[in-house]
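Take a look at the following structure, please.
The values are calculated or read from the model by the stated rules, or taken from the named source; none is laboratory data. All values reported here derive from a predicted model rather than from experimental measurement. Every residue, glycine as well, gets a Cβ built from its backbone with ideal geometry; the counts of neighbours run over all protein chains shown. Ligands, DNA and RNA are excluded from the accessible area calculation, which covers all protein heavy atoms including side chains. Shrake-Rupley method; radii C 1.70, N 1.55, O 1.52, S 1.80 Å.
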Amino acid sequence: MSSSLIFTNYVAETIDEIVERLQPSSIHVLVDVNTEAFVLPLLRSQSKAVAAASVIAIKAGEMFKNLDTVSAIWKKLSDGEANRRSLLINLGGGVVTDMGAFAAASFKRGIAFINVPTTLLCAVDASVGGKTGFNFNGLKNEIGFFRDADVAIISTIFFNTLTSQEQLSGYAEMLKHGFVESEELTRKMLAYDVTNYRPESLLELLKESVAVKERYVEADREDRGARRALNFGHTIGHAFESLAMKRKSPLNHGYAVAFGMVVALVQSRIKYDFSSELLNAYVDYVKRHYGAFEISCADYPELLKFMHHDKKNDRKDAINCTLLRAPGQVEVNVPQTDADITAALDIYRDLLGLP
């Protein structure tokens, strides 16, 4: 069963209505140190349920998305005498919702949880689709399983606390939804200025974007076929993230996806004659808003190693990629050899002006 999605900018009232309906034995709110400081006080002042909840605070950042942090969440739940009728509210970005969902789904074989994204990236990506997990052995999201939130509350009211970089990070996933849906939505996304904070118009565009993801998720709950369309830009994007972690200079997930889509569009151009005009329009957008993730030929072996380890790759002789014939015309599980990917990485560097 998919989670219940509620699009609203009346978050506190919605949480109280859900708690009234669920009647949990205890309420626990998971936050990182950033949402604890900037978002939690607002919700506690407006929501009776959040004000009465016990708070579990973790360190912020992808580097803390690991088993040690999940264990700390379990311990806080146990020390707080949570039981199978308890409720966990995951209030934060994708790191919080991914780990919070995993912790809730596994604690006492599963307790109820609500996802309340506080970043655009989380709202459009991590809060829906039922994926939970954490990083392990230097690999992103290596451990996890599928479990939908009981409710996901999608709002834009917290985004005024985000930097332009954080806004753009989330917007990369919306751009991806545009590419896998249609040329019309792609161009609509490329024309919208996400850094000009307009909560109501962004909420409407967010609804349209999340609807794309929901259609793919409902068609393929366990990510074995059609849903892999949503992996567009992610195979190389995850490799960029893993390389950045190895460099001890983490790369924001949305930025990694934005750069990964450049490579994927180059692959699509080579393989399926994807529109050069739209490819160049997207490259121009990336250069203006995201810059470039710097790589050299010396990084190729490491990047290829990460891609061969990608959890969606089930081949030994090639790397499965999601590519496009055109916007909305998606090809999943396209085998790409190391030589294919190396050629695309060369063009990526040329397009983004890297030496």
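Mind counting the residues in the range 236-289 that are within 17 Å of the chain's Cα centre (by Cα), in contact (Cβ under 8 Å) with a residue 40 or more places away in the chain and within 14 Å of residue 351 (Cβ to Cβ)?
So the answer is 4.
Just wondering, is there one or more residues in the range 169-180 that are under 18 Å from residue 261 (Cα atoms), free of Cβ contacts under 8 Å to residues at least 60 places away in the same chain and open to solvent by less than 10 Å² (accessible area, probe 1.4 Å)?
yes
Same structure again: If I go through the range 242-261 residue by residue, how many of them are closer than 19 Å to residue 167 by Cβ and either open to solvent by 20 Å² or more (accessible area, probe 1.4 Å) or of a type in the set (Ser, Thr, Tyr) (or both)?
Final tally of qualifying residues: 5.
Which residue out of 183, 200, 166, 208 is open to solvent by 60 Å² or more (accessible area, probe 1.4 Å) and either within 14 Å of the chain's Cα centre (by Cα) or of a type in the set (A, V, I, L, M) (or both)?
Residue meeting the stated conditions: 166.
Next up: Which members of the range 303-329 meet the condition of being closer than 13 Å to residue 261 by Cα and assigned to a strand (DSSP E or B)?
Matches in the range 303-329: 321, 322, 323, 324.
For the range 51-70, give me the residue count where each residue is over 21 Å from residue 105 (Cβ atoms) and of a type outside the set (Lys, Arg).
Looking only at that region, the number is 5.
Inspect all residues belonging to the range 217-224 and state whether any of them is open to solvent by 10 Å² or more (accessible area, probe 1.4 Å), without any contact (Cβ under 8 Å) to a residue 60 or more places away in the chain and outside any helix (DSSP H, G or I).
Yes: the range 217-224 contains one or more residues that are open to solvent by 10 Å² or more (accessible area, probe 1.4 Å), without any contact (Cβ under 8 Å) to a residue 60 or more places away in the chain and outside any helix (DSSP H, G or I).
Go through the residues of the range 80-96 one by one and say whether even a single one is free of Cβ contacts under 8 Å to residues at least 12 places away in the same chain, farther than 28 Å from residue 160 by Cβ and among the acidic types (Asp, Glu).
No, there is no match, as no residue in the range 80-96 is free of Cβ contacts under 8 Å to residues at least 12 places away in the same chain, farther than 28 Å from residue 160 by Cβ and among the acidic types (Asp, Glu).
Six or more apart or on different chains, Cβ atoms under 7 Å: show the pairs whose first residue is in the range 100-115 and free of Cβ contacts under 8 Å to residues at least 40 places away in the same chain and whose second is buried (at least 21 other Cβ atoms within 10 Å of the Cβ) and in a helix (DSSP H, G or I).
107/77; 111/104; 113/100; 113/101; 113/104
Same structure again: How many residues are touching a Ser or Thr at 6+ places or on another chain (Cβ under 7 Å) and either within 11 Å of residue 152 (Cα to Cα) or not polar (S, T, N, Q) (or both) if we restrict to the range 98-119?
Of the residues in that region, 8 qualify.
Scan the range 32-56 and report the pairs whose first residue is over 14 Å from residue 118 (Cβ atoms) and whose second residue is of a type in the set (S, T, N, Q) and in a loop (DSSP other than H, G, I, E, B), with Cβ atoms within less than 9 Å and a gap of 6+ or a chain change.
So the pair list comes out as 53/26; 53/47; 54/26.
Let's see how each residue does on (1) touching a Leu at 6+ places or on another chain (Cβ under 8 Å); (2) at pLDDT below 95:
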position: 175; (1), (2): yes, no
position: 185; (1), (2): no, no
position: 193; (1), (2): no, yes
position: 196; (1), (2): no, yes
position: 201; (1), (2): no, yes
position: 204; (1), (2): no, yes
position: 215; (1), (2): no, yes
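Taking the options 264, 239, name whichever one is of a type in the set (A, V, I, L, M, F, W, C), open to solvent by less than 10 Å² (accessible area, probe 1.4 Å) and either modelled with pLDDT under 95 or over 21 Å from residue 142 (Cα atoms) (or both).
When all the criteria are applied, what remains is 264.
Which members of the range 177-213 meet the condition of being among the aliphatic types (A, V, I, L, M) and assigned to a helix (DSSP H, G or I)?
Hits for the range 177-213 are 180, 185, 189, 190, 191, 202, 203, 205, 206, 210, 211, 212.
Right, here's the next one. If you take the residues in the range 298-325 that are over 23 Å from residue 178 (Cβ atoms) and of a type in the set (Lys, Arg), which one is most open to solvent (accessible area, probe 1.4 Å)?
316
Right, something else. Report yes if some residue within the range 326-343 is loosely packed, with under 14 Cβ neighbours inside 10 Å and small (Gly, Ala, Ser); otherwise report no.
Yes.
Counting residues that are farther than 18 Å from residue 84 by Cβ and open to solvent by 30 Å² or more (accessible area, probe 1.4 Å), which strands (runs of 3 or more DSSP E) fully inside the range 1-63 reach at least 3?
4-7
Condition test on residue 90, is it open to solvent by less than 10 Å² (accessible area, probe 1.4 Å) and within 25 Å of the chain's Cα centre (by Cα)?
Criteria met by residue 90.
Oh, and also: Within the range 272-282, is even one residue open to solvent by 50 Å² or more (accessible area, probe 1.4 Å), of a type in the set (Asp, Glu) and not in a helix (DSSP H, G or I)?
Yes, there is a match, as at least one residue in the range 272-282 is open to solvent by 50 Å² or more (accessible area, probe 1.4 Å), of a type in the set (Asp, Glu) and not in a helix (DSSP H, G or I).
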